[in-house]
Amino acid sequence: MLDIKSIPAFNDNYIWLIENSDQHCAVVDPGDAAPVIRYLEQHNLTLDAILITHHHNDHIGGVPELVRQFPHIDVVGPANEPVPTLTHAVEAGEQIELFGEVFLVLGLEGHTKGHIGYVGDGKLFCGDVLFSAGCGRVFEGTMSQMHTSLNKLVTLAEETKVYCAHEYTASNVAFALAVEPDNPLLQKYRDEVNRLRAQNKPTVPTTIGKEKHINPFLRTDQPSVIRSVANRTSNTDSLAIFTALREWKNEF
């Protein structure tokens, strides 16, 4: 099993570090090189690879400096995104090997046009698509694409650990409670999140199983969620409910 550590960056980003058993590692979405280099030096680690989910600067801004410091590293990322530093462009359905584990590349369009994720070893690195109790904004893609991407993630094993790229959980839970104020698991989760954040501890990784119970964007078939957007759409199909939820969250 690979060991995962979080390296905080900017206000609320997490750069995920994937470490094997002999001091080698990879990082996911390094928006800033400085905290990564600092962590590598402190823990005497060698950086072998960078995994990128999408092209936004808070996810790739540190890549050029890391490549300068480690000129032989493999930079893996989406073929359909403007990421100039890639050495290994990948598309949905392809597989990569990382420290003896196989990761499947998932197409997760919606937040951006070519967003991808990586799933393997019981772990999902999903960039800005799925957050705990929330989902990413739809910037370049369509509501339908984002809805489809989230539906792909729901089919993963419930114990899959979800390594999303931002600490958005507290604000997401506030919105989720506006959608489902009577959800007891969500109320319990709010208390857990508040306790963790009061201690400045991360709320992620989460799991697919947990998100199915507390994340309104994965619960568009639930009567309680459908009722909550009845004043926003008369259509009860899953995409219409998702779209109403995402538009509501945009202004929340």
Quick check on Glu97: is it within 22 Å of His147 (Cα to Cα) and charged (D, E, K, R)? no
Quick check on segment 114-123. Is at least one of its residues surrounded by fewer than 18 Cβ atoms within 10 Å (Cβ to Cβ) and in contact with a helix residue (DSSP H, G or I) (Cβ under 7 Å, 6 or more places away or on another chain)? no
Could you tell me whether Glu140 is free of Cβ contacts under 8 Å to residues at least 40 places away in the same chain and part of a loop (DSSP other than H, G, I, E, B)? yes
Got at least one residue in segment 125-142 being surrounded by 24 or more Cβ atoms within 10 Å (Cβ to Cβ), farther than 17 Å from Ala26 by Cα, modelled with pLDDT of 95 or more and of a type in the set (Ser, Thr, Tyr)? yes
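Here is a yes/no grid of residues against (1) under 18 Å from Pro216 (Cβ atoms); (2) in a helix (DSSP H, G or I):
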residue: Ser171; (1), (2): yes, yes
residue: Phe175; (1), (2): yes, yes
residue: Leu186; (1), (2): yes, yes
residue: Arg195; (1), (2): no, yes
residue: Pro202; (1), (2): no, no
Per-region count, segment 156-180, residues without any contact (Cβ under 8 Å) to a residue 40 or more places away in the chain and in contact with a Ser or Thr (Cβ under 9 Å, 6 or more places away or on another chain): 2
Identify, from the list Glu158, Glu81, Glu97, the residue that is under 15 Å from His55 (Cβ atoms) and not β-branched (Val, Ile, Thr). Glu81
Quick one: is Leu153 modelled with pLDDT of 95 or more, among the aliphatic types (A, V, I, L, M) and surrounded by fewer than 20 Cβ atoms within 10 Å (Cβ to Cβ)? no
Would it be correct to say that Leu86 is buried (at least 17 other Cβ atoms within 10 Å of the Cβ), out of contact with any helix residue (DSSP H, G or I) (no Cβ under 8 Å at 6 or more places or on another chain) and either assigned to a loop (DSSP other than H, G, I, E, B) or among the hydrophobic types (A, V, I, L, M, F, W, C) (or both)? yes
Yes or no: segment 97-113 includes at least one residue that is acidic (Asp, Glu), in contact (Cβ under 8 Å) with a residue 24 or more places away in the chain and outside any loop (DSSP other than H, G, I, E, B). yes
Can you list residue pairs whose Cβ atoms sit under 7 Å apart, with the first residue in segment 62-73 being closer than 13 Å to Asp32 by Cβ and the second being modelled with pLDDT under 95? Count only pairs 6 or more apart in sequence or on different chains. Val63/Thr85; Pro64/Thr85
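The values are calculated or read from the model by the stated rules, or taken from the named source; none is laboratory data. What you see is a predicted model, and the numbers here were worked out from it, not measured in a lab. Cβ: placed from backbone, ideal geometry, glycine included. Neighbour counts: every protein chain shown.
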